[in-house]
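Asker: First the structure, then my questions, so here it is.
The values are calculated or read from the model by the stated rules, or taken from the named source; none is laboratory data. Since we're looking at a predicted model, the values are computed, not measured. Note that we place each Cβ from the backbone using ideal geometry, even for glycine, and neighbour counts take in every protein chain shown. Surface areas here come from the heavy atoms of the whole protein model, side chains and all, with no ligands, DNA or RNA. Shrake-Rupley method; radii C 1.70, N 1.55, O 1.52, S 1.80 Å.
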Amino acid sequence: MSDTAFANTPLAEETRQSEVRFRGGGFAPRNRRWVGFVVFAVLIGLAEIGTRTGFISNLTLPRPSDVLETIVQLYQSGLLFKHLVPSLTRLVVGAALGASIGISVGVMVGLFSYVRAGLVPLLAALFPIPKIALLPLFVIWFGIDEGSKYALIAFGTFTPTAVATYSAVDNVDRSLIRMGQSFGLSWFSIVRKIVLPGAMPGILSGLRISLAIAIILLVAAEMLGAQYGIGAYILEAGSLYDLERLFAGVVILSLLGVLVSTVIGIIERRLLGWRT
Amino acid sequence: MDIRLDAINHFYGKTEILKDITIDIPSGKIVCLVGPSGCGKSTLLRFAGGLEKPTSGRVLQLGEPPEGCLNTLTYVFQDFALLPWRSVRGNISLVLEDHGIRGTKADAIITDVLARTRLTDFDKALPKQLSGGMKQRVAIARALAVNPAVLLMDEPLSALDSQTRELLMDDLVTLWTRTPFTALYVTHNLAEAVRLGHRVVVLSRRPGRIREIVEIDKPLAERGYADADLEIIQKHLWDLMRDEARAAEEELIDV
Ligand SMILES: Nc1ncnc2c1ncn2[C@@H]1O[C@H](COP(=O)(O)OP(=O)(O)OP(=O)(O)O)[C@@H](O)[C@H]1O
Ligand SMILES: [Mg+2]
């Protein structure tokens, strides 16, 4: 058969037809915020129905509406802020200290071979230590008051931030750095204008994890010795088996977690809009 | 200002990569470098721009760089190397900021190079919004902004599809005709070499040696798509390269 016969080669139309199956979907997270709310609402709704019908006994799980009431009471009595303000201060001071030192150390490790050779093993040694175990040591070093709490939170955020930062710096596209050098940019300019922005996605996703760890450590520190603070509140409620108050405290912590994650999300959207 | 690569030899470890390479790049001319894959073209270009040092031999600048030249030897990369977080304008101002050029002076330069590369309307776009051809034009605009004495181009068009490549070749010819620039242009593509080169240097397979230097006298502006004179030269280049390329191909499979 010659090539020209191609034009009138019939398609096999009379045989069985089936549409090509679509298989390209997924793997592209999109903004579907309402789904999160629905999941929460369904879980809370189930707990409410379960406790009201007696299917779940009051000793197993407090009724969500009672927990909400406890939070409202806490707010009305003014105690909410008495607990929240010291907690937030500790979180902000500790996490800011830890994250900023972590980012600086991470950048240095990423940039200088000697710092890397010296500090990477140290970071690997520090990372797996449960920081709470060191609280007594911090109490001796920094005093029983705020100092030891700041130090604990700062130390806890420091290691994951430093590790995330130096791997982010490692992953900055070398060809961009070469480009900077080939245009005669100064070392400082290359770090500030190419390395840091290039490492930003990795640093921010590291911060998400570090800040969650900071909240966990905040509660741990407050449980070990504080008059006011969400941790102290939860500990007190727990020792009295007051489940409503315990859950009220837990809900506040979760909200804090959501808040932190939202703030990072906003920063990501503002700073990382350039990503494809 | 001319550039001379003088008796360059290079080893990576024990492997000899380049052997006795001497090339002159006269001011205002485009010298194309072709050769089989892995023969050391990119390596040679890195030497020319001072990003790496050859085992022996020197890279010489003959004469003074032109007035107002901010970066004598300036690269245009195959993968564009644009900062994805900066707009087109920001990417160009990046290379001016370090020379203390800001504000209206920078604006004037940026506006000029954007106009020369037909990008005026895209100055606020981010790289992710641009097509491949436009990205490379931004990279060329950025290179022109520093008013280089010599452009070092490593396969600047090979990441592009063939139509875009044709268009960009025309752009380069127009740019050169308006203000002749000096360039060392590495390519795989013989059609590019005969279209843009005043002189084509053919390297052998590794260790890269100069096989032949072909001069093309026809003015750039008169060379066109599927030009008969150029086809003859291109065929000659391909005859030179075919066996080398085949041997190089088989060498890579052995590794
Ligand atoms: N940093 C390096 N260390 C060791 N070997 C290298 C290095 N860079 C390149 N080579 C080797 O040197 C040889 C020449 O590499 P080069 O990239 O210069 O070739 P090329 O001619 O540009 O090839 P292509 O046409 O594929 O771009 C290759 O065999 C490569 O493996
Ligand atoms: Mg190459």
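Asker: Looking at region B:142-161, is at least one residue acidic (Asp, Glu), more than 12 Å from every other protein chain (Cβ to nearest Cβ), assigned to a helix (DSSP H, G or I) and more than 16 Å from ligand 2 (Cβ to nearest atom)? Before you say what the answer is, go through the steps one by one.
Answerer: In the first step, residues of region B:142-161 are kept if they are acidic (Asp, Glu); the result is B:154-155, B:161.
Okay, now just the ones that are also more than 12 Å from every other protein chain (Cβ to nearest Cβ), so B:155, B:161.
Then keep just the ones that are assigned to a helix (DSSP H, G or I); that gives none.
No, the conditions are met nowhere in region B:142-161.
Asker: Among (1) touching a residue at least 60 places away in the same chain (Cβ under 8 Å); (2) on the phi < 0 side of the Ramachandran plot; (3) in contact with a strand residue (DSSP E or B) (Cβ under 7 Å, 6 or more places away or on another chain), there is one condition B:His10 misses while meeting the rest; what is its number?
Answerer: Every condition holds for B:His10 apart from (1).
Asker: Give the residues of region B:197-255 that are closer than 24 Å to B:Glu166 by Cβ, modelled with pLDDT of 90 or more and within 16 Å of ligand 2 (Cβ to nearest atom), sorted by residue number.
Answerer: The answer is B:Val201, B:Val202.
Asker: Moving to a separate point now. Which is modelled with pLDDT of 90 or more and more than 23 Å from A:Arg174 (Cβ to Cβ), of B:Ile92, B:Ile110, B:Ile101? I'd like the intermediate steps shown before the answer.
Answerer: Details: B:Ile92 fails: more than 23 Å from A:Arg174 (Cβ to Cβ); B:Ile101 fails: modelled with pLDDT of 90 or more.
Only one candidate qualifies: B:Ile110.
Asker: Can you list residue pairs whose Cβ atoms sit under 8 Å apart, with the first residue in region B:38-52 being at the interface with chain A (Cβ under 10 Å from one of its Cβ atoms) and in a helix (DSSP H, G or I) and the second being among the acidic types (Asp, Glu) and surrounded by fewer than 22 Cβ atoms within 10 Å (Cβ to Cβ)? Count only pairs 6 or more apart in sequence or on different chains.
Answerer: From region B:38-52, the pairs are B:Arg46/B:Glu52.
Asker: Name the single residue, out of those in region B:155-177 being out of contact with any strand residue (DSSP E or B) (no Cβ under 9 Å at 6 or more places or on another chain) and in contact (Cβ under 8 Å) with a residue 60 or more places away in the chain, that is farthest from B:Gly28 (Cα to Cα).
Answerer: Keep residues of region B:155-177 that are out of contact with any strand residue (DSSP E or B) (no Cβ under 9 Å at 6 or more places or on another chain), which gives B:157-171, B:173-175, B:177.
Applying the additional criterion that residues be in contact (Cβ under 8 Å) with a residue 60 or more places away in the chain yields B:158-159.
On the way: B:Ser158: 24, B:Ala159: 26 Å.
Selected residue: B:Ala159.
Asker: Given (1) on the phi > 0 side of the Ramachandran plot; (2) in contact with a helix residue (DSSP H, G or I) (Cβ under 8 Å, 6 or more places away or on another chain), where does B:Leu237 come up short, assuming only one miss?
Answerer: So the condition that B:Leu237 fails would be (1).
Asker: Which numbered condition in (1) within 11 Å of another protein chain (Cβ to nearest Cβ); (2) in a helix (DSSP H, G or I) is the only one that A:Arg275 fails?
Answerer: Going through the list (1) within 11 Å of another protein chain (Cβ to nearest Cβ); (2) in a helix (DSSP H, G or I), A:Arg275 breaks only (2).
Asker: Given region A:130-212, what helices (runs of 4 or more DSSP H) lie entirely inside it while holding 1 or more residues that are more than 14 Å from chain B (Cβ to nearest Cβ) and more than 25 Å from A:Ile264 (Cβ to Cβ)?
Answerer: Values: elements: A:135-142, A:146-170, A:174-182, A:187-190.
Passing ranges, in order: A:135-142, A:146-170.
Asker: Taking the conditions exactly as written (charged (D, E, K, R), open to solvent by 10 Å² or more (accessible area, probe 1.4 Å) and farther than 26 Å from B:Leu44 by Cα), does B:Arg165 satisfy them or not? Let's see the steps before the verdict.
Answerer: Numbers: charged (D, E, K, R): yes; open to solvent by 10 Å² or more (accessible area, probe 1.4 Å): yes; farther than 26 Å from B:Leu44 by Cα: no.
In short, no.
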